[in-house]
Amino acid sequence: MLNPHIHGMPRRVRLVDWVLLIVIIIAVYTVLKYDSDLDSNRIDLQPEKPTWNKEDIREMCQFLEHEVTGQEGDQWVKVIEGENTGLENKGGRESIIAKPEDGNEYEKDLRLRGITLVFRHGERSPVSKVDDEVGCLPYRDSDRKAFAAYKELAESEELLAFLKLDPQLKQFPRVPLDAKCVSGMLTAEGAIQHVKLGKFFRHRYEKTKLFADGNSIIKNLQIHNLLFLENQRIVADVVSSKYNRTVQSALAFSSEFLYKQRSLMAPIQIKASNFSYHCVDNYCSCPIHKSIRKIYEEEHLNQFNEMKSEDVVEEEKKLLSFEQFSTSFDPFQMIDVGLGRFVCRRKTLPCRSEECVTLDSFNKMINLTTTRGGRMFDDRIGVSRRLQSIEAYPIITYLANSISKIRKFPHSNYIQIFSGHDVTVGPILRVLGIPFVDPPHYTSRIVFEIYEHTNEGLYIRVLYNGINRTLDVRFCQNDDLKYGMCKASAFEKFAKSGLFELAGVSEFKEMCYV
């Protein structure tokens, strides 16, 4: 009889081998599947937004994944007992608008009558050469779809009938190209930035008395079958400089803020300003403005060369050694190329061997442009202060005109929108005395809210990028300040004489000389 163990051993070994092999295969598969799932999860969980630091140059881009925030609108007047208004305390000065015991009385006494809004265009390509013809599609798929939808709206008959272009502006396409980058032109993301901003403003203002009063007036007139009276309406004006990027930004913003409330107002023509500083009248015209700006920019460059520290000198040498920056001899130009070709396009900054351009390279440049701009304006009455007073004068004057109209027509509310540049926003902030990072980022905005108090007349609230900065305004002091706002009369006085005194002249034409 055969011993069963002699022939059974190999079969058992073979069985064990097969079991072990199967276990190993399952284990390997499990590990690989886990790693694959983990990688997949990593991809799914990766945020679509880049790393974000407020002090970073990426702040300039205003990436679309970051929500628009701000304190615009009249919510601040709804003071709840025992709470403050949520406004920041600037420089140790009290910014609470109403005392706790005042309750909600201010909501009854204050009526929003008008806003004057000045903003910079959205993201654009650099003014210098662009070498990427397919890089201006929006970064995220959702934003590409949003741009396609906006483009369809912007070119629709309904929008064309409501938002008309001044004959001087009809040469410009209503929306930017989305398939390629063009030097100095708005990108598709830049247009959507202003669509988002317009939507934010609509949500902040549509239920305020600025629009609600107009709505009740219209319903009243419809009920009584009366004609729409000239002084019982919302009067809206939109002005753009003669550039693709500003015209397209004005249309994008207005498509959300004004067009979607078109039942409350008449069709609007977007007017062309004669200059980048938004003069549309003869009294603010300065034919030699470009010559004065050229002198200013030469002084600006000299200041840069005098002020730059050793580390900035090294950063400048490094930047100029790369072909993309080789023609940029001013920090503004370096920042422009950095934003338009790399940072806002979310592309890797150029490297060579162990030497790379870094975000900190641009941060140092921005610190310097901000410092030198403030120093040139504050140190003496020179070409810097004169030029920026020229550039701030028209919009400050149009604000004063709005104040006058609001007094004259008690049933009209006024909206003014100016679509401009960094050199539109910056000079206004300079003359008002409001600190800012220079250059202001894409879509930067200044808002002047005009309120009427039942018993005390008109007040103005000044916001920059959504923050109340009224307490920083150089001529809003002492008795001119109340409710966290500035008396409108202080702005009228500044427009009439204070701005000229700041520039060391007595009238506008004295500012306009070489």
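Tell me the relative contact order for the range 366-478 as a rounded percent, counting alpha carbon contacts under 8 Å between residues six or more apart.
This gives 23 percent for the range 366-478.
Quick one: grab the alpha carbon gyration tensor of the range 295-387, order the square roots of its eigenvalues as a ≥ b ≥ c, and give me rounded if a/c is under 1.5, else prolate or oblate depending on whether a/b is larger than b/c.
Values: a/c = 2.44, a/b = 2.02, b/c = 1.20.
Here the range 295-387 falls in the prolate category.
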*asked:* Taking each pair of distinct Cα atoms in the range 340-451 once, what is the resulting Kirkwood hydrodynamic radius in Å?
replied: 16.9
*State, in angstrom, two size descriptors of the range 424-514 derived from its alpha carbons: Rg to one decimal place and Dmax to the nearest whole number.*
14.2, 47
*Taking all protein chains together and a probe of 1.4 Å, list Thr208, Thr327 from the most accessible to the least accessible.*
Thr327, Thr208
*asked:* Placing one identical point scatterer on every Cα of the range 231-281 and ignoring solvent, what is log10 I(q)/I(0) from the Debye formula at q = 0.31 Å⁻¹?
replied: -1.17
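Gain in length, Ala179 to Ala212, computed as 0.36 nm per residue apart minus the alpha-carbon separation, to one decimal in nm? Before the final figure, lay out each step's value.
Values: separation 33, 0.36 × 33 = 11.88 nm, distance 4.07 nm.
Between Ala179 and Ala212, full extension yields 7.8 nm more.
Which order do the peptides 463-470, 287-294 come out in when sorted by mean C-beta neighbours inside 10 angstrom, highest first? Write out the running numbers ahead of the final one.
Details: 463-470: 20.8, 287-294: 14.1.
Per-residue Cβ counts within 10 Å, averaged per peptide and sorted highest first, yield 463-470, 287-294.
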*asked:* Students often check this: by mean Cβ neighbours within 10 Å, which of 295-304, 264-273 ranks highest, and how do the rest follow?
replied: 264-273, 295-304
*Quickly work out the Glu355-to-Thr371 label distance, labels modelled 7 Å from Cα along the C-beta direction, and quote it in nm with one decimal.*
2.4
*At 1.4 Å probe size, with every protein chain present, just tell me what the per residue accessible area of the range 248-329 comes to in Å².*
47
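In debye, nearest 20, what is the charge dipole magnitude of the range 377-514 about its Cα centre with +1 on Lys and Arg Cβ and -1 on Asp and Glu Cβ, if you could check?
On the way: 16 positive and 15 negative charges, 51 e Å.
Here the size comes out at about 240 debye.
Ser285 to Glu299: extension gain in nm, 0.36 nm per residue of separation minus the Cα-Cα distance? Before the final figure, lay out the partial values.
Numbers: separation 14, 0.36 × 14 = 5.04 nm, distance 2.34 nm.
So the extension gain works out to 2.7 nm.
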*Provide Val514, Val118 ordered by accessible surface of protein heavy atoms (probe 1.4 Å), highest first.*
Val514, Val118
_Quick check on the range 288-329: take the gyration tensor over C-alpha atoms, sort the square-rooted eigenvalues as a ≥ b ≥ c, and tell me if it's rounded (a/c under 1.5), prolate or oblate._
oblate
_Charge sum, other residues only, whose C-beta stays under 10 Å from Arg245's C-beta, Lys/Arg counted +1 and Asp/Glu -1_ = +1
_So, for the range 422-514, what is the accessible surface per residue at a probe of 1.4 Å, expressed in square angstrom?_
34
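On the protein heavy atoms, probe 1.4 angstrom, tell me the percent of accessible surface of the range 263-391 carried by carbon and sulfur.
Details: 2880 of 5950 Å².
Whole-percent figure for carbon plus sulfur exposure: 48.
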_Could you sort the peptides 168-177, 423-432 by per-residue average Cβ neighbour count (10 Å cutoff), highest mean leading?_
423-432, 168-177
*Counting only protein heavy atoms, what percent of the accessible surface of the range 440-514 is carbon or sulfur at a 1.4 Å probe?*
44
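Over 19 Å between C-alpha atoms is what I'm after, so list which of Lys129/Lys294; Lys209/Lys405; Lys164/Lys207; Lys129/Lys151; Lys145/Lys207; Lys290/Lys509 land there. Intermediate values should be presented prior to the final figure.
Numbers: Lys129/Lys294 21 Å; Lys209/Lys405 17 Å; Lys164/Lys207 26 Å; Lys129/Lys151 26 Å; Lys145/Lys207 29 Å; Lys290/Lys509 15 Å.
Long pairs (Cα-Cα over 19 Å): Lys129/Lys294; Lys164/Lys207; Lys129/Lys151; Lys145/Lys207.
Quick one: order Cys344, Cys351 from most to least accessible surface, probe 1.4 Å.
Sorted descending by solvent-accessible area, the residues read Cys351, Cys344.
The values are calculated or read from the model by the stated rules, or taken from the named source; none is laboratory data. These figures come from a predicted structure and were not determined experimentally. Counting neighbours? That spans all protein chains shown, and the Cβs are built from the backbone with ideal geometry, glycine included. Ligands, DNA and RNA are stripped out before the accessible areas are found, and what is left, the full protein with its side chains, is counted by its heavy atoms. Shrake-Rupley method; radii C 1.70, N 1.55, O 1.52, S 1.80 Å.
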